[in-house]
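Peer 1: Below is one structure. I have some questions about it.
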Amino acid sequence: MNEVYLAGVGMTAFGVHAERTLVDLAGEAAGLALADAGLEPGRVDMGFFASATAAPLFKDVTVGQNVFWSVGINQIPIFNLENACTSGSAAFYLACNAIAAGQARAVLVVGGEKMCVPEAGLLNSGATELDTQLGLVTPASFAMRAVRHMAEFGTTAEQMAAVAVKNREHASFNPMAQFRKPTNVAEVLGSPMIADPLTRLQCCPIADGAAAVLLCAKEAVPSLDRCLRVRAWAYGTGDYANPQDMARWGTDYRVCASAYALAGMQPADLDLIECHDAFTIGEILHYEALGLCAPGEGGKLAASGDTALGGRIPVNVSGGLLSRGHPPGATGLAQVWELATQLRNEAGERQVAGAGTGLAHCMGGDKDGDAKSCTAIIITN
Amino acid sequence: MHSEGTAQLPPVAPGIFTTGQEGEGSSLLGGACPACDRDFFPRPSRCPLCLGAIDEKNLGSTGKLYTFTVVRVKPSWGLPCPYGVGYVDLDGSGLRVLGLLDPESLDRLEIGLPLRLAVGEMGVDLRGNPCLRPFFQPAEEGAHE
Ligand SMILES: [Zn+2]
């Protein structure tokens with residue numbers, strides 16, 4: 001199996017880009033990733049484009065071909081991928097497979113959304129699903145996990161709010177984050193209730209934006225100087241067992257364990273983590289699945305400062321989805337962008353000292369009380 | 001939500017509940033695989049474990065609330081604002097199913113609350129037409145109606 005190198009990353013600002021098209025945003029990210037790697041567009045031999053909302057919001061299909069040609073890439077195999085919140089990271093997974101298998105040498109993965117439009121409602125898992133027609137929206141799904149976690153483990157609203165406060169504090173050091181104003185526990189808990197007990201500042205905002213990464217086989221890397229190694233790419237779907245334990249997320253645990261096993265690593269080997277903090281309780285559940293603490297101890301860990309910049313294992317030093325906003329096609333790649341920036345020691349005020357190993361974790365979809373997808377990627381410098 | 005004539009409205013989805021006489025005795029309909037001894041809700045078109053045929057199974061009308069939330073943002077499908085949803089552990093089958101909760105009882109929700117199924121007009125279906133939805137209400141209320 002060929003080794004997989006991360007040669008370049010690119011990302012647009014995340015926010016409302018009312019005057020720009022998805023192809024324009026995604027093309028900007030793609031161009032930045034190529035320039036970062038110093039690779040000619042003509043050397044790219046496979047492409048992936050990830051978007052969860054282009055089809056439902058705009059009836060746009062096969063957008064990837066438009067994006068790639070906008071940066072001068074044609075003729076090669078290009079794949080368009082929708083996988084809810086893991087659209088970007090699932091495309092990353094396929095790109096790694098293609099390189100590892102020797103099917104491609106330079107794969108550009110681009111993900112983006114233009115979703116700040118009136119037609120966008122809360123994310124759900126598909127209009128024709130019975131759960132959706134019975135009122136299940138993504139914030140409700142996480143709120144119900146929170147209620148259960150609070151009842152079983154004594155997790156408090158203040159501990160959940162601590163996640164939002166920490167990530168916003170991190171974002172204040174990140175020029176690429178959409179929301180950078182620090183907040184506090186009282187403000188988080190006092191913001192409007194979305195789905196009890198999750199308040200607005202505990203739910204990630206949407207955003208327009210795009211991110212791109214260039215993955216290469218060793219012989220195709222233009223310069224090994226700033227190049228990083230992808231040590232593990234794990235992807236699993238739900239088990240859909242019934243009953244689901246909503247305070248101990250089996251699918252989350254299973255995929256995280258798989259990533260550690262593939263990399264031959266333990267949680268203690270990680271220097272930083274970007275995880276799927278679409279909702280504050282999500283980050284707490286992921287602490288437990290990632291093995292940063294014992295099951296049930298995630299709330300205490302959130303409030304301890306151990307996962308803040310300067311702590312034992314900093315989580316979401318970018319500010320996370322809670323501060324960046326969440327365009328699903330771009331999110332998983334934006335997490336990789338942050339890992340690359342940190343592992344190259346280029347993160348400025350939010351730099352994790354001595355960062356050598358990072359993990360990016362993403363989850364998406366909702367089915368039968370389980371996730372539809374979960375990804376975990378480990379990268380080293 | 002229990003007004004006369006609602007029985008003529010279509011269900012939000014076919015085959016997920018049965019209503020008794022005059023709206024009494026509603027129960028959830030799911031599926032069971034005789035080979036795998038497993039129950040499902042909603043009823044799948046084939047057993048996902050053995051791909052065999054699925055029998056219709058009445059999953060009863062009672063259960064206990066496993067977890068819940070109240071959604072306070074503008075709802076889809078013309079659902080009430082706010083509305084409650086929860087996962088309910090059904091008595092008998094032990095299945096944990098998602099269900100709407102009685103909008104009149106949102107202040108009484110707690111884990112373990114005994115629940116009983118009701119069916120009434122609530123919101124609209126995929127085509128935007130008024131429809132019947134199943135929902136759970138505190139068990140002792142259902143018993144008195
Ligand atoms: Zn079977």
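Peer 1: Hey, could you check segment A:106-163 for residues that are farther than 26 Å from A:K367 by Cα, surrounded by 24 or more Cβ atoms within 10 Å (Cβ to Cβ) and in contact with a Leu (Cβ under 8 Å, 6 or more places away or on another chain) and say which is farthest from the other protein chains (Cβ to nearest Cβ)?
Peer 2: The extreme case among them is A:A106.
Peer 1: Among the residues in segment B:39-49, are any more than 11 Å from every other protein chain (Cβ to nearest Cβ), outside any loop (DSSP other than H, G, I, E, B) and open to solvent by less than 30 Å² (accessible area, probe 1.4 Å)?
Peer 2: The answer is no, given that none of the residues of segment B:39-49 is more than 11 Å from every other protein chain (Cβ to nearest Cβ), outside any loop (DSSP other than H, G, I, E, B) and open to solvent by less than 30 Å² (accessible area, probe 1.4 Å).
Peer 1: Next question, about the same structure. Among (1) outside any loop (DSSP other than H, G, I, E, B); (2) away from chain A (no Cβ under 12 Å); (3) surrounded by 14 or more Cβ atoms within 10 Å (Cβ to Cβ), which single condition is B:C36 missing?
Peer 2: Failing condition for B:C36: (1).
Peer 1: Among A:A303, A:A210, which is the only one that is away from every other protein chain (no Cβ under 14 Å) and under 18 Å from the mean Cα position of the chain (by Cα)? Quick ask: steps written out before the conclusion?
Peer 2: Details: A:A303 fails: under 18 Å from the mean Cα position of the chain (by Cα).
Among A:A303, A:A210, only A:A210 is away from every other protein chain (no Cβ under 14 Å) and under 18 Å from the mean Cα position of the chain (by Cα).
Peer 1: Out of (1) in a loop (DSSP other than H, G, I, E, B); (2) within 16 Å of the ligand (Cβ to nearest atom), the odd one out for B:G78 is which?
Peer 2: (2)
Peer 1: Please verify whether A:L343 is under 24 Å from A:I194 (Cα atoms) and hydrophobic (A, V, I, L, M, F, W, C), treating the condition exactly as stated.
Peer 2: no
Peer 1: Between B:G84, B:G60, which is more than 7 Å from chain A (Cβ to nearest Cβ), away from the ligand (no atom under 16 Å from the Cβ) and in contact with a Pro (Cβ under 8 Å, 6 or more places away or on another chain)?
Peer 2: On the way: B:G60 fails: in contact with a Pro (Cβ under 8 Å, 6 or more places away or on another chain).
That would be B:G84, the only listed residue that is more than 7 Å from chain A (Cβ to nearest Cβ), away from the ligand (no atom under 16 Å from the Cβ) and in contact with a Pro (Cβ under 8 Å, 6 or more places away or on another chain).
Peer 1: Looking at A:D366 and the list (1) charged (D, E, K, R); (2) open to solvent by 10 Å² or more (accessible area, probe 1.4 Å); (3) under 22 Å from A:A13 (Cβ atoms), which single condition is not satisfied?
Peer 2: (3)
Peer 1: Could you say whether any residue in segment A:269-284 is within 14 Å of chain B (Cβ to nearest Cβ) and hydrophobic (A, V, I, L, M, F, W, C)?
Peer 2: Scanning segment A:269-284 turns up at least one residue that is within 14 Å of chain B (Cβ to nearest Cβ) and hydrophobic (A, V, I, L, M, F, W, C).
Peer 1: Kindly list the number of the only condition in (1) more than 10 Å from chain A (Cβ to nearest Cβ); (2) hydrophobic (A, V, I, L, M, F, W, C); (3) in contact with a strand residue (DSSP E or B) (Cβ under 8 Å, 6 or more places away or on another chain); (4) within 16 Å of the ligand (Cβ to nearest atom) that fails for B:L95.
Peer 2: B:L95 satisfies every listed condition except (1).
Peer 1: When residues of segment B:86-145 are filtered for being in contact (Cβ under 8 Å) with a residue 60 or more places away in the chain and within 20 Å of A:R145 (Cα to Cα), how many remain?
Peer 2: Counting residues in segment B:86-145 that are in contact (Cβ under 8 Å) with a residue 60 or more places away in the chain and within 20 Å of A:R145 (Cα to Cα) gives 4.
The values are calculated or read from the model by the stated rules, or taken from the named source; none is laboratory data. On a predicted model such as this, the values are computed, not experimentally measured, just so you know. Cβ: placed from backbone, ideal geometry, glycine included. Neighbour counts: every protein chain shown. Note: areas computed on protein heavy atoms with side chains; ligands, DNA, RNA excluded. Shrake-Rupley method; radii C 1.70, N 1.55, O 1.52, S 1.80 Å.
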